[in-house]
Amino acid sequence: MKSKNAIIIFILIVTTLNSFSQNYDESKVGEYKLPELLVREDGKDVKTKSEWEKIRRPEIVKLFENNVYGKVPKDFDNIDFKVVNKDESAMNGKATLKEVAITVSRGNRSITINLIMFTPNKVKVPAPMFLVINHRGVQTMDVSRQNKDGFWPAEEVIDAGFGISGFDVIDVSPDDNEKFKEGVLEVLYPDQIKMSNGMRGLGAWGWGASRVIDYFEKDKLVDATKIISVGHSRGGKSSLWFGAQDERVAITISNESGNSGAALSRRDFGETVERITKNFPYWFSANYQQYANNEDKLPVDQHMLLALIAPRAVYVASAADDLWADPKGQYLALKESQPVFNLYGIETNLPIEMPKINEQVIRPHMGFHNREGKHNMTPYDWQQFINFANDYFKK
Ligand code: GCU
């Protein structure tokens with residue numbers, strides 16, 4: 001009897017492990033068919049940018065809201081900006097540091113986002129600004145610059161003539177399965193929690209980034225027409241959903257965002273919707289759960305998210321050893337988003353094959369690189385972002 005039980009338990013363990021096993025074998029990816037980007041829900045083809053903007057784009061936004069990330073609420077009563085620290089000779093005089101408390105209220109309740117920003121003193125016009133949706137903690141953005149973290153290489157960015165900024169996502173929605181509600185969800189938008197298409201972590205972080213742009217629009221040191229959103233991994237997923245919706249973002253950058261970010265969900269390689277919804281349910285609306293192990297039923301795939309960013313610019317970064325995030329699936333999604341850019345007359349022309357490791361591809365309104373090495377955001381990645389932004393803003 002005992003041995004029979006042991007066998008049953010063993011079979012259960014093996015089946016569970018198998019149902020979670022990840023594919024890392026290109027030959028086992030299998031066939032998949034992506035949802036049509038340019039076919040409307042009524043079956044008609046989208047042939048012009050006006051049909052895209054008026055009909056198909058809103059349809060796709062709604063599909064992502066209702067099935068993946070949840071709908072981001074837009075209403076609040078008041079927003080208040082307070083510069084709590086300012087140093088015009090930061091970084092030995094080459095930058096201005098500001099710490100800004102952004103307080104958003106609805107009714108008599110409010111939350112505060114603590115923005116950290118440096119702008120280059122050598123730039124006499126308002127500076128283009130990188131904005132990082134930061135889940136790695138405020139210590140990665142040390143205002144004293146004692147701790148210089150490669151994740152947020154402020155000196156290099158300032159030297160290149162850009163501003164760099166960021167906020168810790170904990171101010172908006174803690175990155176935690178239990179605590180994610182403590183923040184904007186419980187305080188400002190409690191109704192969202194009950195809704196099956198309510199906003200969750202990734203959407204909330206983007207909501208916070210939008211409030212930061214509300215501030216940038218008022219700060220003369222910042223060129224609010226040149227905001228570059230950056231996020232790594234989970235932050236990259238959030239950056240894409242944010243950049244797709246907030247049209248004030250000029251360039252949207254996703255660094256190794258992988259599954260439910262820049263990688264195609266239907267491509268069975270690395271992380272899957274099943275794994276991500278099991279491990280991180282609080283990032284997504286409750287409705288997303290139904291697509292676990294059921295990706296073919298998703299009415300969207302991630303190329304459609306990248307396409308929502310058009311005609312503004314999108315940049316997708318990968319790392320060669322970061323197979324969990326499926327570098328190839330990210331490149332393919334970028335390629336598949338091209339028809340929408342082309343509707344605007346933008347000749348994106350990405351190479352058919354994924355570029356070689358460490359070979360950056362810059363095309364009009366679109367860029368990609370696959371860095372050697374592991375899952376991380378490094379000064380090398382930042383150098384590629386700067387190259388791309390320089391090229392894009394020159395035009
Ligand atoms: C996990 C998760 C990924 C995510 C990553 C990160 O690995 O499965 O989806 O991108 O964490 O944020 O670093």
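Only strands (runs of 3 or more DSSP E) wholly contained in the range 87-169 count here; list those with 2 or more residues that are at pLDDT 95 or above and among the basic types (Lys, Arg).
95-106
Does at least one position in the range 224-233 carry a residue that is over 26 Å from Val83 (Cα atoms) and among the small types (Gly, Ala, Ser)?
Yes, some residue in the range 224-233 is over 26 Å from Val83 (Cα atoms) and among the small types (Gly, Ala, Ser).
Which of the residues spanning the range 73-100 are within 25 Å of Glu155 (Cβ to Cβ) and either in contact (Cβ under 8 Å) with a residue 40 or more places away in the chain or surrounded by 14 or more Cβ atoms within 10 Å (Cβ to Cβ) (or both)?
Of everything in the range 73-100, those that are within 25 Å of Glu155 (Cβ to Cβ) and either in contact (Cβ under 8 Å) with a residue 40 or more places away in the chain or surrounded by 14 or more Cβ atoms within 10 Å (Cβ to Cβ) (or both) turn out to be Asn85, Asp87, Ala90, Met91, Lys94, Ala95, Thr96, Leu97, Lys98, Glu99, Val100.
Looking for whichever is among the β-branched types (Val, Ile, Thr), away from the ligand (no atom under 15 Å from the Cβ) and within 25 Å of Pro281 (Cβ to Cβ) here; the options are Val184, Val157. Which one fits? Quick ask: steps written out before the conclusion?
Working: Val157 fails: within 25 Å of Pro281 (Cβ to Cβ).
The conditions single out Val184.
Any residue that is within 12 Å of the ligand (Cβ to nearest atom), open to solvent by less than 10 Å² (accessible area, probe 1.4 Å) and either of a type outside the set (Lys, Arg) or within 20 Å of Asn177 (Cα to Cα) (or both) - is there at least one of those in the range 208-227?
The answer is no; no qualifying residue exists.
Would you confirm whether or not the range 51-71 contains a residue that is touching a Leu at 6+ places or on another chain (Cβ under 8 Å) and open to solvent by 50 Å² or more (accessible area, probe 1.4 Å)?
Within the range 51-71, not a single residue is touching a Leu at 6+ places or on another chain (Cβ under 8 Å) and open to solvent by 50 Å² or more (accessible area, probe 1.4 Å).
Which of the following residues is surrounded by 22 or more Cβ atoms within 10 Å (Cβ to Cβ) and over 27 Å from Ile386 (Cβ atoms): Phe180, Phe162, Phe167?
Answer to the selection: Phe180.
Of a type in the set (Asp, Glu) and either modelled with pLDDT under 95 or out of contact with any helix residue (DSSP H, G or I) (no Cβ under 6 Å at 6 or more places or on another chain) (or both): does that describe Glu31? Don't jump to the end; show me each part of the working.
Numbers: of a type in the set (Asp, Glu): yes; either modelled with pLDDT under 95 or out of contact with any helix residue (DSSP H, G or I) (no Cβ under 6 Å at 6 or more places or on another chain) (or both): yes.
Taking the combined requirement at face value, the residue satisfies it.
Is it true that some residue in the range 140-148 is open to solvent by less than 50 Å² (accessible area, probe 1.4 Å) and among the basic types (Lys, Arg)?
Yes, the range 140-148 contains a residue that is open to solvent by less than 50 Å² (accessible area, probe 1.4 Å) and among the basic types (Lys, Arg).
Exactly one of these conditions fails for Ala250: (1) hydrophobic (A, V, I, L, M, F, W, C); (2) more than 16 Å from the ligand (Cβ to nearest atom); (3) surrounded by 24 or more Cβ atoms within 10 Å (Cβ to Cβ). Give me its number.
(3)
What is the one condition in (1) more than 16 Å from Trp283 (Cα to Cα); (2) within 14 Å of the ligand (Cβ to nearest atom); (3) buried (at least 24 other Cβ atoms within 10 Å of the Cβ); (4) β-branched (Val, Ile, Thr) that Ile133 does not satisfy?
(1)
Just to be sure before I move on: is Thr272 within 28 Å of Pro174 (Cβ to Cβ) and open to solvent by 10 Å² or more (accessible area, probe 1.4 Å) in the structure I sent?
yes
Restricting the search to the range 136-154, which residues are touching a strand residue (DSSP E or B) at 6+ places or on another chain (Cβ under 8 Å) and closer than 27 Å to Val184 by Cβ?
Arg136, Gly137, Val138, Thr140, Met141, Val143, Phe151, Trp152, Ala154
Go through the range 288-382 and tell me which strands (runs of 3 or more DSSP E), entirely inside it, have 1 or more residues that are over 16 Å from Ser257 (Cβ atoms) and open to solvent by 50 Å² or more (accessible area, probe 1.4 Å).
Where strands (runs of 3 or more DSSP E) fall fully within the range 288-382 and carry at least 1 residues being over 16 Å from Ser257 (Cβ atoms) and open to solvent by 50 Å² or more (accessible area, probe 1.4 Å), they are 361-363.
The values are calculated or read from the model by the stated rules, or taken from the named source; none is laboratory data. Bear in mind the structure is a predicted one, so any value in this text is a computation, not a measurement. Glycine gets a Cβ as well: all are built from the backbone with ideal geometry, and neighbour counts include every protein chain shown. For the accessible areas, the whole protein counts, side chains as well, though only heavy atoms, and no ligand, DNA or RNA atoms are used. Shrake-Rupley method; radii C 1.70, N 1.55, O 1.52, S 1.80 Å.
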